[in-house]
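Encoded as structure tokens, the structure appears first; notes follow it.
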Ligand code: TRP
């Protein structure tokens, strides 16, 4: 089994990112061969200044390592260091169909009414994503609901390429459906996802927040006046209460029901301090590692350089075979 997964580089990661995708990868790296990369080439689909892009890639890489991705175990790199991603994308552009890309819901959502003004990179985004995984002969790709369609497209492209050129070059990657990642919601609104773009910093716990800030954010989190119930069904219609219980459960690797077994009948005056302690305890070592990287940015460069060299070596044979299959070499 070989897993390949990418993440869009953004700065300012928060508890929702950690308990969602990142922790899943941290566990996966011990169970199978994992290649994890920062999708910096994908970030060209929207314009941002160079300095911001550079900072995003650094912050994301530092956060992943701080959260437990071990670059000695998983192969960790950023796309842009490996020309093979862009090269294979171009080769696959001959195979992908306009009609297929036009049906992508992410394209439709992001381009909205302004298709004429959208970048070609936004339209071609799924083909680059196909290249990302086909390049490494990935057997599995961990996908959330929003990326399923892109993975299916990668399979369609792989199959058509193999058929058109009469080769058995690309492996058709399977989705890796894991335990459903905890959906962590805003601390100010239990119906909105915790998000780095929420204008209120009180809505999220950032990985870099210090312990006092974390405790304050949990203390001020929106709740309701009722005590906690003794079963999960009774949290229906209480999105803020449900969210805090979900966070507690995720941090302790327990079910929400087992958390309620402990706290049934207690109010938030008792629950919030317990939750705050847990979040502080979990994030303190992560924040410390982030500060180390702030002090030694060159360490991060070296890690990404090394990871990229490993990935480039894994990618080279498949890229060469693709060139040959197409009569380009
Ligand atoms: N599109 C993915 C996302 O937004 C990121 C991504 C790029 C990716 N290339 C990938 C994910 C390859 C898995 C495999 O989340």
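When both bridge partners sit in the chain, DSSP labels roughly 10% of those beta bridges antiparallel. Shape descriptor for the range 164-269: Rg over Rh equals 1.18 (Cα atoms; Rh from the Kirkwood inverse mean 1/r).
Given their separation in residues at 0.36 nm each and the Cα-Cα distance between them, residue 262 and residue 281 gain 4.9 nm when the chain is fully extended. The helix-only estimate of mean residue ellipticity at 222 nm for the chain, built from DSSP H runs of length n ≥ 4 each weighted as -39500 (n - 2.57), is -16500 deg cm²/dmol after division by the residue total.
Sorting the segments 287-296, 11-20 by their mean number of nearby beta carbons within 10 angstrom, highest to lowest, gives 11-20, 287-296.
For the chain, the longest principal axis of the Cα atoms and the long axis of helix 239-252 meet at an angle of about 70 degrees.
Stretching residue 255 away from residue 31 to a fully extended chain increases their span by 78.4 nm, per 0.36 nm per residue minus the current alpha-carbon distance. For the range 1-102, dividing the convex hull volume of the Cα atoms by the residue count gives 133 Å³ per residue. Note: relative contact order over the range 201-292, using C-alpha pairs below 8 Å and six or more positions apart, is 39 percent. Relative to the longest principal axis of the Cα atoms of the chain, the long axis of helix 83-92 lies at roughly 70 degrees. In terms of its Cα atoms, the chain spans 70, 42, 40 Å along the principal axes, sorted from long to short. Describe numerically, in nm with one decimal, the distance between label points set 7 Å from Cα along Cα→Cβ at residue 8 and at residue 53. With each label placed 7 Å out from Cα toward Cβ, I get 1.5 nm. For the pair residue 219 and residue 305, label points projected 7 Å from Cα toward Cβ lie 4.6 nm apart.
From the largest down, the range 21-157 spans 43, 35, 28 angstrom on the principal axes of its Cα atoms.
For a modelled paramagnetic label at residue 312, 7 Å from Cα along Cα-to-Cβ, the residues of the range 69-98 in reach, with backbone nitrogen under 18 Å, are 75-89. Can you tell me how the range 2-57 classifies by the Cα gyration tensor, rounded, prolate or oblate, using a/c under 1.5 as the rounded cut? Judged from the Cα gyration tensor, the range 2-57 comes out oblate (a/c at least 1.5, b/c at or above a/b). Our compactness index for the range 194-329, the C-alpha radius of gyration over the empirical 2.2 N^0.38 Å, is 1.59. Working from Cα positions, state the angle (0 to 90°, nearest 10) between the long axis of helix 50-67 and the longest principal axis of the chain. The angle comes out near 60 degrees.
Each reported figure results from applying straightforward, stated rules to the coordinates on display, with no laboratory input. Everything numeric here is computed off the predicted structure, so don't read it as measured data. Note: ideal-geometry Cβ built from the backbone for every residue, glycine included; neighbour counts use all protein chains shown.
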